[in-house]
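Trainee: Quick one: this structure, given as structure tokens, is what I'll be asking you about.
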Amino acid sequence: MAGRAQIPNKSSALISMIADEDTVTGFLLAGVGNVDLRRKTNYLIVDSKTTVKAIEDAFKEFTTKEDIAIVLISQYVANMIRFLVDSYNKPVPAILEIPSKDHPYDPTHDSVLSRVKYLFSAESVASGRR
Amino acid sequence: MSGQSQRLTVVPTVTMLGMMKARLVGATRGHALLKKKSDALTVQFRLILKKIVSTKESMGDVMKTASFALTEAKYVAGENIKHVVLENVQNASLKVRSRQENIAGVRLPKFEYFTDGETKNALTGLARGGQQVQLCRAANVKAIEVLVELASLQTSFLTLDDAIKTTNRRVNALENVVKPRLENTISYIKAELDELEREDFFRLKKIQGYKKRAIEKQRETAKQFAEEQVAEKVSLQKGISINAAHSMLSAASEKDEDIIF
């Protein structure tokens, strides 16, 4: 139903998540969760038993799916598959690293934010000189 | 530099010179336009950069609020609320719409979220803690709002970065490769044309010289012929041989020359 409706209607897309249980629960409560006809979810709950392989597969699946616009990924999960996240360079879907409850957010690990910081500091130095 | 000696392989003609000049004009205009585009993109890029930094900072706060709200909800409604939520997932009620924004010919994707249909979690926590659950829901929707904004900023950032790189590469290619090459070609053609002109001038001079010499020769022969005639006349009048007349004439002319001395 949902899958078929989305093909003609390109203007609506999903947000997918790879995160710990609490974060996913919170966002599911907000209503981003989706289950398609094959009972596939648009989120992956990562706990201590989840293997890196499973995360990799989920990441690859979410980034190649047509109807997903944004992939939210907990930063500590992103660190597990850092090489995949760093090598990903397509604009859509956008990969967003989010902080999780148990792990403090470290902006130096974020692939995009490190670049932003680098450019931003260079720019602020330049503008300060003016 | 290796770029200095490069030029296009062309036949040095006036037509080609006109063509090259036209191409140089085109390249200059294209360079100016691309430079403008690059500047416009850079301005936009800086704006987005600033926004990203501030949004990332606010994301931390919003996420904190969201997870704290979830903890509250869990405390009031019991730990098993997450099972209820996980079981209730069917179709997404909160979706993302993407549209494109055009900045100096670069299409930037912009995301915005919208709610589609009512939420399935309306009855979650009906037994107890319903209000906390709804608060938690609101907090998470807010978090999604910030995250969606951040995602569109980030996507724009990546796209713009790419576009700026491409544009700058084009600007530099035009400035450092195409334009010098055209200029070199133009100067080559000009030099070649000048050379041809000099050669032509030299040839004309030479021909003039030949002509002058030919005219002089003709005059000489005419003079000789006239002298011959005079000698003949003299010989006929005085009844002497032509040779004697010649020597008489030459003697007379020599004497005349002596008189001058």
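The values are calculated or read from the model by the stated rules, or taken from the named source; none is laboratory data. Remember, predicted model here, so these are calculated numbers, not experimental data. In this analysis, Cβ positions are derived from the backbone assuming ideal geometry, glycine residues included, and neighbour counts consider all displayed protein chains. Note: areas computed on protein heavy atoms with side chains; ligands, DNA, RNA excluded. Shrake-Rupley method; radii C 1.70, N 1.55, O 1.52, S 1.80 Å.
Trainee: With 35 Å as the cut-off, how large is the P(r) tail for the protein assembly as shown, expressed as percent of Cα-Cα pairs?
Mentor: Across the protein assembly as shown, Cα pairs with separations above 35 Å total 54 percent.
Trainee: Quick one: how many Å² of B:L33 are accessible to a 1.4 Å probe, rounded to 10?
Mentor: Answer for B:L33: close to 110 Å² accessible.
Trainee: Size of the dipole of chain B about the Cα centre, Lys and Arg at +1 and Asp and Glu at -1 on the beta carbon, nothing else charged, in debye to 20?
Mentor: 900
Trainee: Related question: Using only the heavy atoms of the protein chains and a 1.4 Å probe, how would B:I81, B:I240 rank by accessible area, largest first?
Mentor: B:I240, B:I81
Trainee: How many angstrom lie between the Cα centre of region B:136-167 and the Cα centre of region B:1-76?
Mentor: 18
Trainee: Also, quick follow-up: Report, to the nearest 10°, how far helix B:242-260 tilts away from the longest principal axis of the Cα atoms in chain B, using its own Cα long axis and a range of 0 to 90°.
Mentor: Between the helix axis and the principal axis of chain B, the angle is about 70 degrees.
Trainee: Considering only DSSP beta bridges whose two residues both sit in the protein assembly as shown, what percent are antiparallel, to the nearest 5?
Mentor: Approximately 50 percent, going by the DSSP bridge assignments.
Trainee: Mind giving me the FRET efficiency for B:L135 and A:V52? R0 is 25 Å, r the Cβ-Cβ distance, nearest 0.05 is fine.
Mentor: 0.10
Trainee: Okay, next question. Cα extents of region B:139-261 along the three principal axes, largest first, in whole Å?
Mentor: Principal-axis extents of region B:139-261 (Cα, largest first): 146, 29, 13 Å.
Trainee: Next up: Over chain B, calculate the relative contact order: mean separation of alpha carbon pairs under 8 Å at least 6 apart, over the residue count, as a percent.
Mentor: Result for chain B is 30 percent.
Trainee: Along Cα→Cβ, 7 Å out, is where each label goes; now give me the distance between the ones at B:Y210 and A:Y88 in nm to one decimal.
Mentor: 8.4
Trainee: Roughly how many Å² of B:E197 are accessible to a 1.4 Å probe, to the nearest 10?
Mentor: 130
Trainee: Greater than 26 Å separation of Cα atoms is the criterion. Which listed pairs, B:K35/B:K179; B:K74/B:K142; B:K95/B:K165; B:K110/B:K179, meet it?
Mentor: B:K95/B:K165; B:K110/B:K179
Trainee: Using a simple charge model, +1 on the beta-carbon of Lys and Arg, -1 on the beta-carbon of Asp and Glu, nothing else, what dipole does the protein assembly as shown show about its Cα centre, in debye to the nearest 20?
Mentor: Using only the charged Cβ atoms, the result is roughly 620 debye.
Trainee: By how many nm would the segment from B:E79 to B:N243 lengthen if fully extended, with 0.36 nm per residue of separation less the alpha-carbon distance?
Mentor: 44.0 nm
Trainee: Starting from the Cα-Cα distance between A:R115 and A:V35, subtract it from 0.36 nm times their residue separation and give me the gain in nm to one decimal.
Mentor: 25.3 nm
Trainee: Taking a 1.4 Å probe, which of B:Y210, A:Y118 shows the most accessible area, and what order do the others take after it?
Mentor: A:Y118, B:Y210
Trainee: Can you give the FRET efficiency to the nearest 0.05 for B:Q100 and B:Q6, using r as the Cβ-Cβ distance and R₀ = 35 Å?
Mentor: 0.30
Trainee: Could you put B:M19, B:M63 in order of accessible surface area, largest first, with the 1.4 Å probe and the full protein assembly present?
Mentor: Solvent-accessible surface, decreasing: B:M19, B:M63.
Trainee: What accessible area, in Å² to the nearest ten, does a 1.4 Å probe give for B:V76?
Mentor: Number for this one is 50 Å².
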